[in-house]
1. Out of contact with any Asp or Glu (no Cβ under 6 Å at 6 or more places or on another chain), under 22 Å from Asp63 (Cα atoms) and open to solvent by 40 Å² or more (accessible area, probe 1.4 Å): does that describe Asp277?
2. Given the criteria among the polar types (S, T, N, Q), touching a residue at least 24 places away in the same chain (Cβ under 8 Å), assigned to a strand (DSSP E or B) and open to solvent by 10 Å² or more (accessible area, probe 1.4 Å), does Thr67 qualify?
3. Any idea how many residues of region 113-130 are in contact with a His (Cβ under 8 Å, 6 or more places away or on another chain) and either open to solvent by 20 Å² or more (accessible area, probe 1.4 Å) or within 23 Å of Arg41 (Cα to Cα) (or both)?
4. May I ask you to list pairs of residues, at least six apart or on different chains, whose Cβ atoms are under 6 Å apart, with the first in region 258-286 being of a type in the set (Phe, Trp, Tyr) and modelled with pLDDT of 95 or more and the second being open to solvent by 50 Å² or more (accessible area, probe 1.4 Å) and not in a loop (DSSP other than H, G, I, E, B)?
5. Name the residue, out of Arg41, Arg50, that is in a helix (DSSP H, G or I), modelled with pLDDT under 95, open to solvent by 70 Å² or more (accessible area, probe 1.4 Å) and over 20 Å from Thr71 (Cα atoms).
6. Tell me, yes or no, whether region 319-330 has at least one residue that is touching a Ser or Thr at 6+ places or on another chain (Cβ under 6 Å) and assigned to a loop (DSSP other than H, G, I, E, B).
7. Pick from region 184-233 the residues that are in contact (Cβ under 8 Å) with a residue 60 or more places away in the chain and over 25 Å from the mean Cα position of the chain (by Cα): which of them is surrounded by the fewest Cβ atoms within 10 Å (Cβ to Cβ)?
8. Taking the stated definitions as given, is Glu28 surrounded by fewer than 16 Cβ atoms within 10 Å (Cβ to Cβ), charged (D, E, K, R) and more than 19 Å from Leu294 (Cα to Cα)?
Amino acid sequence: MLRWEMPEIGRNRLELNEIEVPIPGGHELLVQVGAVALNHRDKMVVETGRGLRLSFPFTPGSDLAGTVVATGDGADRFAVGDRVISTFTPDWVDGMRPGNARTPAYRTLGGFYPGVLAQYVALPQDWFVSAPTTLPDAEASTLPCAGLTAWFALVERGELHAGQTVLIEGTGGVALFGLQIAKLHGARVVVVAGADKLDRATGLGADDVLDRRGADWVEELLRITGDRGADHILELVGGAHLGEAVQAVAVGGTIYQIGALDGFEISAAAMPLMLKDARIQGVATGHRRALEDLVAAVDRAGLRPVIDSRYPLAELPMALDRLTRGPFGKIVIELT
């Protein structure tokens, strides 16, 4: 079988190597990988290591969809032939996130644990959930990180309900999932993005679109909402951009700090945050039970993830280049 590996950190250290197909151990599944969805986080890990203690040779990637082809001793959650998707944070099954104030847990696939950019993977059965029956592998692979992050923010933590206003920043994977999930719940959705992507956001159901490079988008948001602002904001930029989210959030609203495209050091004025009785909610994906809830919602509602482009396994470097340029939706590596 083929698997992407790195002997050390760096894009130029990626190697597509031929190795033996792994044998599933106790309570493990051998999964033939059908598709792997890429995240900006994967790109950062490849290029910089993102400060993680990686074990080399390291295989990147966290989000797969595939089919169980063999089971190890004691593995009884799935049967051969079942379609599954991976869980981004395998140790987080439900409830509060593991870890403590000094050491928050960040044990993810394609980071602390091995990645999934391979034709086959052998991993513990508890690290998988059933794939949606309504989606093929390419679309199903987009759920474990991007889909779950948007769902966990708006539904699990935010308890989004009809009539509220959701502000979405950008048109990447998490952003477009946020748009679709918000519309499923009857919310008004405002998307802030580059002018070249606004029409496509409208086509996905955005009620209002604002050009982030044009006039003051915060002022325009306040105008179209009658000065109410947004009840929920998916903050996907980070850095000083948080300050704009604080200006845009409604009284009693919530900002979900998710992205760090402009850096992990965030800043904002404290006074409007305090006077608005607003909340900043950190979100780093979610637990397995929420992913199972998302899968059920996808099957019931017929939600179709947006895929910007697809690449074969050998073209991972080209897929990473496309990720750098800013896709509309997800980048997927197809293996079958």
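1. Criteria not met by Asp277.
2. Spelling it out, Thr67 is indeed among the polar types (S, T, N, Q), touching a residue at least 24 places away in the same chain (Cβ under 8 Å), assigned to a strand (DSSP E or B) and open to solvent by 10 Å² or more (accessible area, probe 1.4 Å).
3. 2
4. Qualifying pairs under 6 Å: none.
5. Arg50
6. yes
7. By that ranking, first place goes to Arg228.
8. no
The values are calculated or read from the model by the stated rules, or taken from the named source; none is laboratory data. Please read these numbers as outputs of a predicted model, since none were measured by experiment. Note: ideal-geometry Cβ built from the backbone for every residue, glycine included; neighbour counts use all protein chains shown. The protein model used for the area step is the full one, side chains on, heavy atoms only, and it has no ligands, DNA or RNA in it. Shrake-Rupley method; radii C 1.70, N 1.55, O 1.52, S 1.80 Å.
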